[in-house]
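Asks: Take a look at the following structure, please.
The values are calculated or read from the model by the stated rules, or taken from the named source; none is laboratory data. Everything numeric here is computed off the predicted structure, so don't read it as measured data. For neighbour counting, all protein chains shown are included, and Cβ atoms are generated from backbone atoms with ideal geometry for every residue, glycine included.
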Number of protein chains: 2
Amino acid sequence: MARRGDTIELAVLGLLHEGPMHGYELRKRLNLMLGWGRLLSYGSLYPALKKMLRGNLIEEVTGTPSSAGSPTSRRTRITYQVTEKGTAEFHRLMSEVGPTAWEDDNFDIRFRFFSSTDMEIRLRVLEGRRSRLQERLDRVQRELAMTQKEVDRYATELQRHGVESVEREVRWLSDLINAERGTGLSATPQPATDNE
Amino acid sequence: MARRGDTIELAVLGLLHEGPMHGYELRKRLNLMLGWGRLLSYGSLYPALKKMLRGNLIEEVTGTPSSAGSPTSRRTRITYQVTEKGTAEFHRLMSEVGPTAWEDDNFDIRFRFFSSTDMEIRLRVLEGRRSRLQERLDRVQRELAMTQKEVDRYATELQRHGVESVEREVRWLSDLINAERGTGLSATPQPATDNE
DNA sequence: GGCTGCATGTAAGTCGTTACATGATTTA
DNA sequence: TAAATCATGTAACGACTTACATGCAGCC
């Protein structure tokens, strides 16, 4: 099962999928991609790497100094790469449907690594997020209709802006879903639609 | 100083500012307003209330059962109201500039309670958030220009959508700032502008 | 020879959730 | 009177941050 804390694991596996890296580099890239919010600290990253090492999801790269950018190998840094088990875990986390909160928290990360999955998974993730957002939207609108009374001006504006933002995101997701389907459909010319 | 965990405290003080309430009711309202993300649990709320009680920020309401909605007073529930010290703390938290992360995390809550503050504070909070978002935007754009190479299709789309969303929010904030300034100006007919 | 940036790590503390436990009150 | 909802609480745990500690590499 996907636990709450598997976020770093997923992100690290995804990045290492794009090539071997050491911790410092991982943190930099992680902070770039999660960048809109908090910064990931070393105190989280390194213990997580150790744990993944113990779980055989990743392994240290030995020898072959030609792989790194600069030829002069700095002794101190430890480069990691994914193992076969790590790849399997990555695909599991990318496709799994867990508790709602997990899926929402990690949507961005999953999306970021869409290139490493296939269309079926991509559609499932996109549609899952869209339906959850839509559900929230409906719930809020229902509650809004009930507690119509004594509304604060700023509270109302906040609500309005929130609803609008989520609606925008739903449209964005719909476009992406159509795009995914579009590429799929262009390969498969209309399976069962009689429009002559 | 405003610590990270003062979020609940601020929200509770703000809500109690609108009238006395008991814990269960507070949680419901809190979950409505923070609603876009996680749910606040009793395990967080009640200890927080206890702590605020110890700090004399709030106090239990004694007697006068006419204040509540239904006249039949249920013995089990404990109704709270803000103390004078609590009001002072509320205003302090509403106006204080702390570590960046704190201000960003609590922007929504502060905004929700704008009616309980004055325009000077409102403008400071709105402008603070706008400038932080703008700064982030600039930083991302700078980094984007540097690491132009090998860009993943989905990573790019995510970046694009993120930038667009933040730009939208900046415009929203600008509108709000103008509105605040507008009301201020219309009440005070041009203090020192020679336009005869 | 000292400063800055790269690089890895640990210990303590904070914040909050999950799961559990309990009981009163309203409604069917 | 049974079920649902209201209402309050605690203990254990989880995940992450802050602050600290260390050392090498390259530059001025």
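Asks: Checking B:Ala88 against (1) in a helix (DSSP H, G or I); (2) modelled with pLDDT under 95, which test does it fail?
Replies: Status for B:Ala88: all satisfied but (2).
Asks: Same structure, new question: Six or more apart or on different chains, Cβ atoms under 8 Å: show the pairs whose first residue is in the stretch A:37-53 and touching a residue at least 60 places away in the same chain (Cβ under 8 Å) and whose second is surrounded by 11 or more Cβ atoms within 10 Å (Cβ to Cβ).
Replies: Once the first residue is touching a residue at least 60 places away in the same chain (Cβ under 8 Å) and sits in the stretch A:37-53, no partner that is surrounded by 11 or more Cβ atoms within 10 Å (Cβ to Cβ) comes close enough.
Asks: Another question about this same structure. Does A:Leu32 count as at pLDDT 90 or above and in a helix (DSSP H, G or I)? Working first, answer last.
Replies: Working: at pLDDT 90 or above: no; in a helix (DSSP H, G or I): yes.
Here the answer is no, as A:Leu32 does not meet what is asked.
Asks: Here's something else I'd like to know. Residues that are within 11 Å of DNA strand C (Cβ to nearest atom), modelled with pLDDT under 95 and out of contact with any helix residue (DSSP H, G or I) (no Cβ under 8 Å at 6 or more places or on another chain): does the stretch A:58-69 have at least one?
Replies: Narrowing the stretch A:58-69 to residues within 11 Å of DNA strand C (Cβ to nearest atom): A:60-61, A:68-69.
Narrowing further to those that are modelled with pLDDT under 95: A:60-61, A:68-69.
Now narrow it down to the ones that are out of contact with any helix residue (DSSP H, G or I) (no Cβ under 8 Å at 6 or more places or on another chain): A:68-69.
Scanning the stretch A:58-69 turns up at least one residue that is within 11 Å of DNA strand C (Cβ to nearest atom), modelled with pLDDT under 95 and out of contact with any helix residue (DSSP H, G or I) (no Cβ under 8 Å at 6 or more places or on another chain).
Asks: Kindly list the number of the only condition in (1) surrounded by 15 or more Cβ atoms within 10 Å (Cβ to Cβ); (2) within 16 Å of DNA strand C (Cβ to nearest atom); (3) not acidic (Asp, Glu) that fails for B:Arg142.
Replies: (1)
Asks: Return the total of residues in the stretch B:103-119 being farther than 21 Å from B:Met1 by Cβ and either more than 10 Å from chain A (Cβ to nearest Cβ) or without any contact (Cβ under 8 Å) to a residue 24 or more places away in the chain (or both).
Replies: Looking only at that region, the number is 5.
Asks: Oh, and also: Residues being more than 11 Å from DNA strand D (Cβ to nearest atom), over 13 Å from A:Ile109 (Cα atoms) and among the aliphatic types (A, V, I, L, M): count how many of those fall in the stretch A:2-29.
Replies: 3
Asks: Right, here's the next one. Take the stretch B:12-27 and flag every residue that is of a type in the set (A, V, I, L, M, F, W, C), in a helix (DSSP H, G or I) and over 11 Å from B:Ala48 (Cα atoms).
Replies: So in the stretch B:12-27, the residues of a type in the set (A, V, I, L, M, F, W, C) come out as B:12-13, B:15-16, B:21, B:26.
Remaining after also requiring in a helix (DSSP H, G or I): B:12-13, B:15-16, B:26.
Answer for the stretch B:12-27, where residues must be of a type in the set (A, V, I, L, M, F, W, C), in a helix (DSSP H, G or I) and over 11 Å from B:Ala48 (Cα atoms): B:Leu13, B:Leu15, B:Leu16, B:Leu26.
Asks: Report yes if A:Leu32 is more than 9 Å from DNA strand D (Cβ to nearest atom), free of Cβ contacts under 8 Å to residues at least 24 places away in the same chain, within 13 Å of A:Ile58 (Cβ to Cβ) and of a type outside the set (Phe, Trp, Tyr), otherwise no. Spell out the reasoning first.
Replies: On the way: more than 9 Å from DNA strand D (Cβ to nearest atom): yes; free of Cβ contacts under 8 Å to residues at least 24 places away in the same chain: yes; within 13 Å of A:Ile58 (Cβ to Cβ): no; of a type outside the set (Phe, Trp, Tyr): yes.
It is false that A:Leu32 is more than 9 Å from DNA strand D (Cβ to nearest atom), free of Cβ contacts under 8 Å to residues at least 24 places away in the same chain, within 13 Å of A:Ile58 (Cβ to Cβ) and of a type outside the set (Phe, Trp, Tyr).
Asks: I've got another one for you. Read through the list (1) surrounded by 12 or more Cβ atoms within 10 Å (Cβ to Cβ); (2) within 30 Å of B:Ile177 (Cα to Cα); (3) more than 16 Å from DNA strand D (Cβ to nearest atom); (4) without any contact (Cβ under 8 Å) to a residue 24 or more places away in the chain, then give the number of the only condition that A:Leu133 fails.
Replies: Of the numbered conditions (1) surrounded by 12 or more Cβ atoms within 10 Å (Cβ to Cβ); (2) within 30 Å of B:Ile177 (Cα to Cα); (3) more than 16 Å from DNA strand D (Cβ to nearest atom); (4) without any contact (Cβ under 8 Å) to a residue 24 or more places away in the chain, the odd one out for A:Leu133 is (4).
Asks: Still on this structure, please answer the following. Would you confirm, using the coordinates I've provided, whether B:Gly43 is near DNA strand D (Cβ under 10 Å from one of its atoms) and more than 14 Å from chain A (Cβ to nearest Cβ)? Can you show your working first?
Replies: Working: near DNA strand D (Cβ under 10 Å from one of its atoms): yes; more than 14 Å from chain A (Cβ to nearest Cβ): yes.
Here the answer is yes, as B:Gly43 does meet what is asked.
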